[in-house]
Amino acid sequence: MQSCLPGVGRSLCLACRQFTPVNKNLSRLQPFACILATQQHRKMASAKIGMANRLKGTEKNIWVEFGKLAAEHQALNLGQGFPDFKPPQHIIDEVVKAVNSDNALLAQYARSYGHPRLVNVLSKLYGPIMNHTINPMTDITVCVGAYGVLFCAVQGLVNPGDEVIIVEPYFDCYEPMAMVAGATPVFVPIRPSKTGSMSSADWKLDPEELASKFNSKTKAIVINNPNNPIGKVFQKDELQVIADLCIKHDVICIADEVYEWLIYDNCKHVKIASLPGMWDRTVTIGSGGKTFSATGWKLGWAIGPQKLIQPMQILHQNCIYTSPTPLQEAVAAGLEYELDLKDKNQLDDCYLYSLAKETQPKRDRLAAMLEDIGMEVTMPEGGYFLMADISKLKDKFQVPDDGSSDPYDYKFVRWMTETKKLAAIPPSAFYSKDHKNLGENFLRFCFIKDNETLRKASIVFKEWKESL
Ligand code: PMP
Ligand code: GLN
């Protein structure tokens, strides 16, 4: 549409949604400044052109901030949780095979709710563990990472106005996911029952405090077992307390179990879905990236009753639709291989078990370094991470105030990354606003690292100790 006025065109004003004359020169700089624009138009434009209200309060992200900081300072990265060694060779071979396959369909969209070969092996692997016959087509959904599955669970199952109980410390995305769904997160902390060096088993949920958080608005509880960042592996009696409350108040349990295979010291991982009455109300979440030390592959799954999985599938089919086919094929083949070893009881060769065996000495090695410098370690029973109490270090040196209003652990990690070239994660990021004080005297370290990385860490700690 052209205007008869020289230098003036007509275009759709994005503020008032009408075709109006536009000053061509100006419009290049200010697309919404139509010549007729009034103050009101500009106001409408500034309110509309930007972020959706539901994202307010979710702008900051710990991985974005501290990942960037570690990269900027080329720090040894014991912060973000990822192994810095290769996944097992057989799944690498499988992904190459899938990408090179004569079967052209392996390069095309997979079934929306999960590649059949993958959901079939997941049902075979988890059926006996969950004590339930799992229908691969209706009781499983696959998505882009456990993140994607968590998102589908919260968006697909929670209504605006609902309350979602989140056990603290929690994997940070639970809170913004609940907020974006319009729900109110309600927090309940796992607290250490003593001070100093201890086991993650010494961190406990108070059953009465937990019970006090349930009410008629409670739609779901999210638990992470093994817990990131503490490494707590919930015992059966602890899970039973949660299960009883879920049943009493008719609440869904979202069980994030991405570290299910990383269990140490003969500790046993129990799936809350396997407790009586819990299958019908639990969504259990797993991760191919965690299972096979390939976090960049981003393949996750949820297992549960059809009435909980179907809403997740409905959400998924209309936003992400499907996950990469060659990766699903490779993870499926990898799990078939591991399941065969598991069934033959060749557990030393089975990656589902051997990874934890290889990782436990790494945990012990890092814990010893941290204790040596004066941090007090909570020895994790599971997962990738350990929490180290830095209270005692406070007396030995002063971390400079970076001028921010952030909790002490943020300042400590920034200082350590910049000056010691060693990155960790500040655990107060895993606590709600009112409970950040519970995390700010700790650091979270990731120990699933190559021995060479741990050797480099030992040099950093040795030099640091000498400087104290
Ligand atoms: N849950 C927890 C507890 C995690 O630590 C992570 C981090 N990887 C995820 C879920 C997300 O897993 P994925 O990489 O498969 O998306
Ligand atoms: N889950 C990993 C951790 O806790 C990483 C998550 C991420 O990088 N977004 O470190």
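Could you check the range 433-444 and list, in sequence order, the residues that are over 17 Å from Pro192 (Cβ atoms) and either within 16 Å of ligand 1 (Cβ to nearest atom) or within 19 Å of the chain's Cα centre (by Cα) (or both)?
Lys433
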>> If I ask for residues that are in contact with a strand residue (DSSP E or B) (Cβ under 8 Å, 6 or more places away or on another chain) and of a type in the set (Phe, Trp, Tyr), which ones from the range 296-330 would you list?
In response: Trp301
>> Can you list the helices (runs of 4 or more DSSP H) lying wholly within the range 40-159 that have 2 or more residues being of a type in the set (Asp, Glu) and closer than 27 Å to Glu260 by Cβ?
In response: 89-100
> Can you pull out the residues in the range 224-250 that are closer than 16 Å to Ala273 by Cβ and either at pLDDT below 95 or within 16 Å of ligand 2 (Cβ to nearest atom) (or both)?
Replying inline: Asn224, Asn225, Pro226
>> Considering only the range 140-158, I want to know if a residue exists there that is among the aromatic types (Phe, Trp, Tyr) and farther than 25 Å from Lys342 by Cα.
In response: yes
> Within the set of pairs 6+ apart or on separate chains, which have a first residue in the range 412-434 that is more than 21 Å from Gln74 (Cα to Cα), a second that is in a strand (DSSP E or B), and C-beta atoms under 6 Å apart?
Replying inline: Pro427/Phe442; Pro427/Arg444; Tyr431/Glu168; Ser432/Phe187
>> With the requirement that a residue be at positive phi and crowded, with 21+ Cβ neighbours inside 10 Å, what does the range 408-422 give you?
In response: none
> Does the range 353-363 contain any residue that is closer than 18 Å to Gln80 by Cα and in contact with a strand residue (DSSP E or B) (Cβ under 9 Å, 6 or more places away or on another chain)?
Replying inline: yes
>> When the residues of the range 118-136 are narrowed to those that are in contact (Cβ under 8 Å) with a residue 40 or more places away in the chain and surrounded by fewer than 19 Cβ atoms within 10 Å (Cβ to Cβ), which ends up farthest from Gln328 (Cα to Cα)?
In response: Asn131
> Yes or no: Ile247 closer than 24 Å to Met312 by Cα and either more than 16 Å from ligand 1 (Cβ to nearest atom) or in contact (Cβ under 8 Å) with a residue 40 or more places away in the chain (or both)?
Replying inline: yes
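A quick yes/no check of all residues on (1) hydrophobic (A, V, I, L, M, F, W, C); (2) closer than 19 Å to Asp389 by Cα:
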site	(1), (2)
Ala423	yes, yes
Pro426	no, yes
Ala429	yes, yes
Lys449	no, no
Lys462	no, yes
Leu468	yes, yes
>> Whether any residue in the range 387-399 is within 20 Å of the chain's Cα centre (by Cα), surrounded by fewer than 18 Cβ atoms within 10 Å (Cβ to Cβ), more than 16 Å from ligand 1 (Cβ to nearest atom) and part of a helix (DSSP H, G or I) is what I want to check.
In response: no
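The values are calculated or read from the model by the stated rules, or taken from the named source; none is laboratory data. Because the structure is a prediction, the values reported are computed rather than measured. Positions of Cβ are backbone-derived with ideal geometry, glycine not excepted, and every protein chain shown enters the neighbour counts.
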